[in-house]
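Take a look at the structure set out below.
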Amino acid sequence: MRVGLVPGVWSYGLGSVSTVLAVYEAVRRAGHTPVLFASPHFRPVLDRLGVPAVAIPGPAQASYPDDPGTVLRLDDLLSRSAYADRDLVETVLAAQLRAFRAHRVQVLFHDYDLTTVVAGALSGIPVVSPVTWPDHRLFGRGSAGWAPLDTRALAAFRPALRRSRAPEPASLSEVLFDWSTRLVYPLTPELDPLVARHSTGEYVGQLTAAALDRHVAAGPTDWPRPGRTGVLAYTSGPPMDADWYYRHCLRAFEGSTVDVLIAAGRPDAVPPRVSPAGNVQLWPLLPLRDLFGRASALLCHGGRGTLASAVHAGVPLLVFPGDDPEREYFADMLARQGLAANCGPADWRPERLRELVAQAATVRSARTAAVAAVPPRAGPGGPARVVSIMQELTADPVRLLSRAS
């Protein structure tokens, strides 16, 4: 089986790379052939990880929109991204169709790369789509905050969509949900219990690449020191970036019995920064999964992979989603279930941050026991389950009908 894997052209963070590489690794372990297709802004990360990729067009860099808005809808966000450029959409789509054909791709997996969904539909290649954005065709309709969709990205896709025999979709969310062959939810039901109410898919749990752990520093071996509370932090981009976390943790915990280990969410080759008292440290990207067992709490921005991993490990969460609507949604869902504190700007105050960490530390042992008591899930989960779905699709003797005209 030859599997094409595509991190999102518009995506900007390591989360998209990790999701796709997790399946890439599982495909190889199962004895199949993975082929990674990536746009230019992913090259530095992939080169450092030693992962080969077929180049496809895309932006030289992809940053998060300055004004993501407050609505939880995919079309609104994509309309503030590179996907609003019709020429780019047509260029990427044409390149993908050629590349998928040249590499004899039999099934596709992507991370919110809408051109991949369309290319698969037009060429008759089954597409497995991970769905983590809480945007469903029925989500939010009729609510007080409902507003018309931003259709700039949809307009950029119109020429390609009209080449299909399918009814013309009213949104890119509809394309993702209806044009994908199978949907998987790479999270736990606690993170988004609503997604399964509005679509037909399967919760497969976290998709995190081992390659990220193998190619980053292991971190300090003595963290936290005996008799101290270990606080792990994972940073995002500006304004709450690595420097922001370091400054605020320094004010709250410098010289205390709390050992803070901050992991910058980027694989920069820079030396660690250690506070004068030695108990607040800032490192480049670290293998979080190896550190969760030592942490009494996790401070983070609320990325889906980080949250899913922490919930799985039973680590109490202090989530600072900022103005990001997706992260705010996940933080709110977990807070309602007592699995996280959904934090705001006032919670960065030193006295409040100390209070939140103390509360998290008191529930850590109970949370660990609760996680240990959960019986293991029957059958394969995570990336292995995604591969088994791909095998089912490619083994089906009934050829999937192409949407191509």
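Considering only residues in segment 308-345 that are assigned to a helix (DSSP H, G or I) and of a type in the set (G, A, S), the one that is surrounded by the fewest Cβ atoms within 10 Å (Cβ to Cβ) turns out to be A335. Residues considered: A252, A277, A263. Of these, the only one that is of a type in the set (G, A, S), touching an Asp or Glu at 6+ places or on another chain (Cβ under 9 Å) and touching a residue at least 40 places away in the same chain (Cβ under 8 Å) is A252.
For segment 194-201, does any single residue satisfy the condition of being at pLDDT 80 or above and of a type outside the set (D, E, K, R)?
Initial filter on segment 194-201 (at pLDDT 80 or above): 200-201.
With of a type outside the set (D, E, K, R) added as a condition, the list becomes 200-201.
The answer is yes; a qualifying residue exists.
Matching residues to (1) within 17 Å of the chain's Cα centre (by Cα); (2) touching a residue at least 24 places away in the same chain (Cβ under 8 Å); (3) not in a strand (DSSP E or B):
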{"residue": "L5", "(1), (2), (3)": "yes, yes, no"}
{"residue": "L21", "(1), (2), (3)": "yes, yes, yes"}
{"residue": "V35", "(1), (2), (3)": "no, yes, no"}
{"residue": "H41", "(1), (2), (3)": "yes, yes, yes"}
{"residue": "L46", "(1), (2), (3)": "yes, yes, yes"}
{"residue": "P59", "(1), (2), (3)": "no, yes, yes"}
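Among the residues of segment 278-307, which ones are basic (K, R) and under 17 Å from the mean Cα position of the chain (by Cα)? Correct list: R289, R304. The residues of segment 280-307 that are part of a helix (DSSP H, G or I) and either at pLDDT 85 or above or within 19 Å of R352 (Cα to Cα) (or both), listed by number, are L291, F292, G293, R294, T306, L307. Contact map, segment 135-159: residues that are on the phi < 0 side of the Ramachandran plot and loosely packed, with under 13 Cβ neighbours inside 10 Å paired with residues that are assigned to a helix (DSSP H, G or I) and at pLDDT 85 or above, Cβ distance under 7 Å, separation 6+ or inter-chain. Pairs shown: P159/E90.
One line per residue, one yes/no per condition, for (1) modelled with pLDDT of 60 or more; (2) in the same structural domain as Y24 (by TED's automatic domain parsing); (3) under 19 Å from L108 (Cβ atoms):
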| position | (1), (2), (3) |
| --- | --- |
| P325 | yes, no, no |
| P345 | yes, no, no |
| L353 | yes, no, no |
| A361 | yes, no, no |
| V386 | yes, yes, yes |
| I389 | yes, yes, yes |
| A404 | no, no, yes |
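The values are calculated or read from the model by the stated rules, or taken from the named source; none is laboratory data. Bear in mind the structure is a predicted one, so any value in this text is a computation, not a measurement. A quick note on method: Cβ atoms are made from the backbone with ideal geometry, for glycine too, and the neighbour counts reach across all protein chains shown.
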